[in-house]
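Trainee: Dropping a structure here in structure tokens format, bear with me for questions.
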Amino acid sequence: MSFFKYHNGELRAENISLSKVAETIGTPCYVYSRAAFEHQWTTLDSAFGDYPHTICYAVKANSNIAILNVLARLGSGFDVVSEGELRRVLAAGGDPSKVVFSGVAKSVAELEFAISNGVRSINIESTAELERVQTVAAALNATASIAFRVNPDVDPETHPYISTGMDKAKFGVPMEAAFAAYQRAAELPNIEVHGIACHIGSQITKTSPFSDSLDIVLTMVKRLASQGIQIKQLDLGGGLGIDYQGETPPTAQEYVNAMLDGVAAHGIDLPIAIEPGRYIAGNSGVMLTRVEYIKHNESKNFAIVDAGMNDLLRPSLYQAFHAILPVNENSNVEKSVFDVVGPVCESADVLGYDRELAVQADDLLAVMSAGAYSFSMAGNYNSRLRPAEVLIDGETAHIIRQREEFDDLTRGESLLPEQ
Ligand SMILES: *Cc1c(COP(=O)(O)O)cnc(C)c1O
């Protein structure tokens, strides 16, 4: 189901014309659909039926507080990877008792903040981190509820930069070390063993990597139980892929069924948490950009647009594909094949190679599937202002983040004192 569709030749977000949005807000800008976010979240949530579960939306996919608030109102939990993300969740009205805290390098200050706010689980990634959590919790006179993020060494068959569960990855505790780590955790006075977590990668388009890693996790759960260590929650991570370019990932129901079948096969009925990011946010937003110039070289045509890799990094970072559509379908120019490139002084600043488009200068383009890992990865390289973000809610377009201003660029910088 798409919330971004043509109507009389014009691309819309829900019922709102994207050219109107560009006229009032300017470009580049991100446009999200509240209905799309809610639809994705609800589809996943209802796929569990009455099986006990928590959906912990991965904040790093899209961390605008208006988006977090929309999801919190549905009852969502959250997966955070920094104090900054946890502070966003709290600012958005999220419930810390539904928050899991992931990440390989949690600092003392971050752990203090998370433990004192009562997060459901600190997902620990090394034995050194376990000792640090114990020290911090003891100093706060508190008990830290933890899981180990284990590394099942399963190939998610996705881009290497978004594979996290193989033995060469920096993430997680290797399976062989996990058992001893749990035994150590069970001895520590300020640690409460709560769960087991795993997250093997992102943009996964089949169910088998999820089933394979679940199988390994459940075997560990039984082994721990035989030693008197009771796991109370399975945190099965995120990673469900979406359609960027005709991929056919499992449906929410197929994905959830794979998990429910896995637990049933092991005779385990523990509550499940999942940490979807891209599935909820990816196709819930687009980035609008305007063509500044058309340029022809001997071998290439370029559509040079006003958004670049600083605004949307995925194509440059992962060779990721985003469909690029004209906002107005009814063009009177002929189609040609273009590289759609940005203003940034880097050859990698390409939003899309070899796109057949009927475009001329001043036309608007929509970079599709830009709801996840898009604005949240944006930066200021080349001293560019980060774009505005707009959330469509029924008949209204709300600005949920102002376009940055030039004063924002130098905030916190200062000159050396005069002689
Ligand atoms: C990034 C991340 C996720 C979300 O991954 P998606 O592919 O966007 O669903 C979930 N859990 C952890 C620990 C992550 O790092």
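What follows draws every value from the coordinates through simple rules; no lab data is involved. A quick note: this is a predicted structure, and the numbers were derived from the prediction, not measured. Here Cβ is always computed from backbone atoms with ideal geometry, including for glycine, and neighbour counts include all displayed protein chains.
Trainee: Using DSSP, restrict attention to beta bridges with both residues in the chain and report what percent are antiparallel, rounded to the nearest 5.
Mentor: Values: 34 of 70 bridges.
DSSP beta bridges in the chain are roughly 50 percent antiparallel.
Trainee: If you fit an axis through the alpha-carbon atoms of helix 34-47 and take the longest principal axis of the Cα set of the chain, what angle between them do you get, 0 to 90°, nearest 10?
Mentor: Once rounded, the angle reads 30 degrees.
Trainee: For K300, give me every one of the lysines with a C-alpha distance below 23 angstrom, ignoring sequence neighbours fewer than eight places off in its own chain.
Mentor: Counting by Cα, and skipping residues close in sequence, K300 has these lysines nearby: K335.
Trainee: Sorted by packing (mean other beta-carbon atoms within 10 Å per residue), highest first, where do 292-300, 194-202, 410-418 land? Present the calculation step by step, with values, prior to reporting the outcome.
Mentor: Details: 292-300: 11.0, 194-202: 25.8, 410-418: 5.9.
In descending order of packing, they fall as 194-202, 292-300, 410-418.
Trainee: Also, I was wondering about something else. What's the center-to-center distance, using Cα atoms, between segment 178-196 and segment 47-91 in Å?
Mentor: So the two Cα centres are separated by 26 Å.
Trainee: Debye calculation, C-alpha points only, no solvent: report log10 I(q)/I(0) for segment 308-419 at q = 0.16, 0.23 Å⁻¹, in the same order as the q values.
Mentor: Normalising to I(0) and taking log10 leaves -0.88, -1.37.
Trainee: Using the alpha-carbon atoms, what tilt in degrees (0 to 90, nearest 10) does helix 65-74 show relative to the longest principal axis of the chain?
Mentor: Compared with the principal axis, the helix lies near 50 degrees.
Trainee: At what distance in nm do the modelled label points of Y51 and A105 sit from each other, each positioned 7 Å from its Cα along Cα→Cβ?
Mentor: 3.6
Trainee: Oh, and also: Which shape class, rounded, prolate or oblate, goes with segment 68-214 when its Cα gyration tensor gives a ≥ b ≥ c as root eigenvalues, a/c under 1.5 marks rounded, and past that a/b bigger than b/c marks prolate? Write down the numbers at each step before the final one.
Mentor: Values: a/c = 2.04, a/b = 1.16, b/c = 1.75.
Oblate, because a/c is 1.5 or more while a/b does not exceed b/c.
Trainee: Grab the Cα-Cα distance for E23 and R411, subtract it from 0.36 nm times how many residues apart they are, and report the gain in nm with one decimal.
Mentor: Working: separation 388, 0.36 × 388 = 139.68 nm, distance 2.83 nm.
Gain on stretching E23 to R411: 136.9 nm.
Trainee: Arranged from highest to lowest average of other beta-carbon atoms within 10 Å per residue, in what order do the peptides 261-268, 100-107 appear? Please report the intermediate quantities before stating the final value.
Mentor: Numbers: 261-268: 14.6, 100-107: 21.2.
Ranking the peptides 261-268, 100-107 by packing returns 100-107, 261-268.
Trainee: Can you tell me how segment 34-279 classifies by the Cα gyration tensor, rounded, prolate or oblate, using a/c under 1.5 as the rounded cut?
Mentor: Verdict is oblate for segment 34-279.
Trainee: Listed highest first by mean packing, meaning other Cβ atoms within 10 Å per residue, what order do 209-222, 374-387, 121-134, 269-282 come in? Numbers along the way, then the final one.
Mentor: Working: 209-222: 19.6, 374-387: 18.0, 121-134: 21.1, 269-282: 23.9.
So the order, starting with the most tightly packed, is 269-282, 121-134, 209-222, 374-387.
Trainee: For the Cα atoms of the chain, what angle does the longest principal axis make with the long axis of helix 252-265, in degrees from 0 to 90, nearest 10?
Mentor: The two axes meet at around 10 degrees.
Trainee: So, one more: Which ³J(HN,Hα) values in Hz, rounded to whole numbers, follow from the phi angles of segment 230-235 under the Karplus curve 6.51 cos²θ - 1.76 cosθ + 1.60, where θ = phi - 60° and Gly and Pro get x?
Mentor: Each residue of segment 230-235 in turn: 8, 7, 10, 8, 9, 10 Hz.
Trainee: While we're here: What spacing in nm lies between the two simple spin-label points modelled at N15 and A225, each 7 Å away from Cα in the Cβ direction?
Mentor: 5.2
Trainee: Can I ask one more? What share of all Cα pairs of the chain, in percent, falls into each consecutive 10 Å distance bin?
Mentor: All Cα pairs, binned at 10 Å, distribute as 5, 21, 29, 23, 14, 6, 1, 0 percent.
Trainee: While we're looking at this one, here's another question. If the cut-off is a Cα-Cα distance under 24 Å, which lysines reach K222, setting aside same-chain residues fewer than 8 apart in sequence?
Mentor: The qualifying lysines are K232.
Trainee: Straight-line reach from K106: which lysines fall under 18 Å, measuring Cα to Cα and dropping same-chain residues less than 8 apart?
Mentor: The qualifying lysines are K60, K170.
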